[in-house]
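Every number in this text was worked out from the coordinates using simple rules, so none of it is lab data. Because the structure is predicted, anything quoted here is derived from the model rather than measured. Ideal geometry is used to build each Cβ from the backbone, glycine not excepted, and the neighbour counts take in all protein chains shown.
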């Protein structure tokens, strides 16, 4: 299979398996919600702020910073855009910046881990650790990229591939709270 999955869909799948189905199988993207627009504006502001911050929160003294860095891998069958890549002489670190939350979601952790999995192929340096930065709380969460995490990314990726291949509308374990903030709510037909 030569199809490459956008990495952000790993996070979306864990939120609701229907989101990748709508986007990838039907190529359907409803108008952006207020939350999506806020997130895009937030990322642009953070890029400017992030340029001038120290790297202390990452345990680094110096690193080259690459913003909105594109990654792609035929091996992993994934592609995406990393918010920030920190590159030192011997290794790289993926950084995913999130607007809110008390702690990173499982989806955010797998998303940044997937970016880290692709960086060695793209930059040619190992990536053993990545970070999720929760800006509103000022917290930085390290994410180790080990065999267990890689297997988890592959398992979720393969679940998405299976849903797309089956071409059946996936069941959704999403809660009412999740559904009410989803841009696809009006298209599911089994949600109030």
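At a glance:
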item	result
Percent of Cα pairs exceeding the 26 Å cut-off, where the set is the stretch 49-192	33 percent
The chain, relative contact order [Cα under 8 Å, separation at least 6], %	24 percent
Peptides ranked, highest mean first, by Cβ atoms within 10 Å: ranges 121-128, 171-178, 3-10	3-10, 121-128, 171-178
Percentage relative contact order, the stretch 74-178, counting C-alpha pairs under 8 Å, at least six apart	23 percent
Least to most buried among 76, 21 (fewest other Cβ within 10 Å first)	76, 21
Highest to lowest packing among 88-99, 143-154, scored as the average C-beta count within 10 Å	88-99, 143-154
Between 0 and 90°, nearest 10: helix 34-51 axis offset from the chain longest Cα axis	10 degrees
Label zone at residue 152 (point 7 Å along Cα-to-Cβ), backbone N below 13 Å, the stretch 100-122	104-114
Within the chain, percent of DSSP bridges classed antiparallel, to nearest 5	75 percent
